[in-house]
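What follows is a short report on a single structure.
The values are calculated or read from the model by the stated rules, or taken from the named source; none is laboratory data. Since the structure is predicted, the reported quantities are computational estimates derived from the model, not experimental observations. As a convention, Cβ positions derive from the backbone with ideal geometry for all residues, glycine included, and neighbour counts pool all protein chains shown. Calculation scope for accessible area: heavy atoms of the full protein, side chains included, ligands and nucleic acids excluded. Shrake-Rupley method; radii C 1.70, N 1.55, O 1.52, S 1.80 Å.
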Amino acid sequence: MENRELDPRFMYAQRLDAKDDLAAFRNAFLFAEPDLIYMDGNSLGRLPRRVIHRVQKAVELGWGRDLIRGWNTDWYEAPIRVGEKIAQLVGASPQQVTVSDSTSVNLFKLVMAALAMRQERNVIVTDDLNFPSDLYVLQGCIRMLGEHHCLHLVRSADGITIDQQTLLESIDERTALVTLSHVTFKSGFLHDAASVTERAHQAGALVLWDLSHSVGVVPVELDHWGADLAVGCTYKYLNGGPGAPAFLYVRHDLQDKAPSPIWGWFGHRTPFAFDLDYDPPTAITRFLVGTPPILSLLAMEAALEPLLKAGITRVHEKAKRLTSYLVDLTDVVLSPLGFELGSPRDPAKRGAHVSLRHENAYQINRALIEEMSVLPDFREPDNIRLGLSPLYTSYTDIWIAIDHIRQVVVEKRFERYSNKRLPVS
Ligand SMILES: *Cc1c(COP(=O)(O)O)cnc(C)c1O
């Protein structure tokens, strides 16, 4: 918009930024394209500047000069060292978190461990807002174990929320495991983790939380909830970079009972003794498998610093303010144009991304990317998903994004784009 600077709503957004106590953290990130409005921090977080130097050092001095000696410098302990930093973000006391593999693989390992610890039970409870990869992993585990388990999929009535009562009532004495995304990937619905964990434990079931869309924006209190197991992703709000390894949590008192289904040498008590027989330690490291991706791990470690410095309480406060601002603008500017909110209205019931539904969502999303320098993502069937990352998303970014969405619809720019889906949206 040409006279943006004079628009009172734009000026209001700028005032909100001026009052924002986290605004300075934006400088900790690289803005290679200053005009790009990045609304995908929940899919791939921006690059923290300090990572550039850290990776250069790891490559030139670690790999280039130290070579194999690097293992005794800072590589071998990295999964545990970085796990302890992530532990601070998920409310875990030491020695319960490590970094390994991808979220999907970690989920597989912990689901298999949980089912091995509840052999007399045969139901897995989850919901239909869970991330598809999580559901596929569960289906695969059931197949692998000979189809003795069944998946109880709690259905969402509105595609946005899960009715808490229905969920709690679906957990009973046949339930081996309850596993859910703490914040759901599409609508951003936030489960009441403490209540679900409590109910599962009353029924004698184990609970496994997928924290991929909540870690780094929503307070997570694994120890306080009494959670048994958890996994999560580090390339979203933790800004760890594409393909950064994921983390996993196993509560202290389960570490001697929970068996890893993949017996690799990094999960052995003494990997470098080269024993011929598997012997796992009573420690979180029993869930490691093979050689970790050191460069990605060190990059991710450096990426955590701004978040640890800001603190999750302040980040969450800003997340609620940002999403509420986005919802308010949507009500005023976009709802007359056929948009509906695809996320919970109550900020206490959502994470930091918001979905906007529209019958032409796919085409609008294409026009935003191709013509407007706005990068959201599209999620089937009709969601434009806007991920707000409190360390670097500004109120002005949100205002511009909403104004550009308005323009794409009012000027019918979306009509130039096909509804045919590209491979990655
Ligand atoms: C992003 C995400 C994943 C990612 O899994 P990968 O194995 O890293 O591809 C898994 N689960 C949830 C809930 C996610 O949001």
Residue in segment 185-207 that is over 22 Å from the mean Cα position of the chain (by Cα), polar (S, T, N, Q) and away from the ligand (no atom under 16 Å from the Cβ) present: yes
Residue satisfying condition, being free of Cβ contacts under 8 Å to residues at least 60 places away in the same chain and assigned to a strand (DSSP E or B), within set LEU386, LEU356, LEU368: LEU356
Breaking point among (1) among the hydroxyl-bearing types (Ser, Thr, Tyr); (2) farther than 24 Å from LYS320 by Cβ; (3) buried (at least 19 other Cβ atoms within 10 Å of the Cβ), for SER187: (2)
Close pairs from segment 258-285: first farther than 26 Å from GLN119 by Cα, partner surrounded by 12 or more Cβ atoms within 10 Å (Cβ to Cβ) and among the aliphatic types (A, V, I, L, M), Cβ under 8 Å, at least 6 apart: PHE266/LEU288; PHE266/VAL289
Number of the exception - THR126 against (1) within 27 Å of GLU301 (Cα to Cα); (2) open to solvent by less than 50 Å² (accessible area, probe 1.4 Å); (3) within 12 Å of the ligand (Cβ to nearest atom): (1)
Hits in segment 103-123 - residues which are more than 10 Å from the ligand (Cβ to nearest atom) and in a helix (DSSP H, G or I): LYS109, LEU110, VAL111, MET112, ALA113, ALA114, LEU115, ALA116, MET117
Any hit, segment 410-418, residues being within 17 Å of MET39 (Cβ to Cβ), outside any helix (DSSP H, G or I) and either in contact (Cβ under 8 Å) with a residue 60 or more places away in the chain or open to solvent by 20 Å² or more (accessible area, probe 1.4 Å) (or both): no
Hits in segment 223-267 (condition: within 16 Å of the ligand (Cβ to nearest atom) and either at pLDDT below 95 or among the hydrophobic types (A, V, I, L, M, F, W, C) (or both)): ALA227, LEU229, ALA230, VAL231, CYS233, LEU238, ALA244, ALA246, PHE247, LEU248, ILE262
Positions within segment 64-88 being open to solvent by 10 Å² or more (accessible area, probe 1.4 Å) and within 16 Å of the ligand (Cβ to nearest atom), in sequence order: none
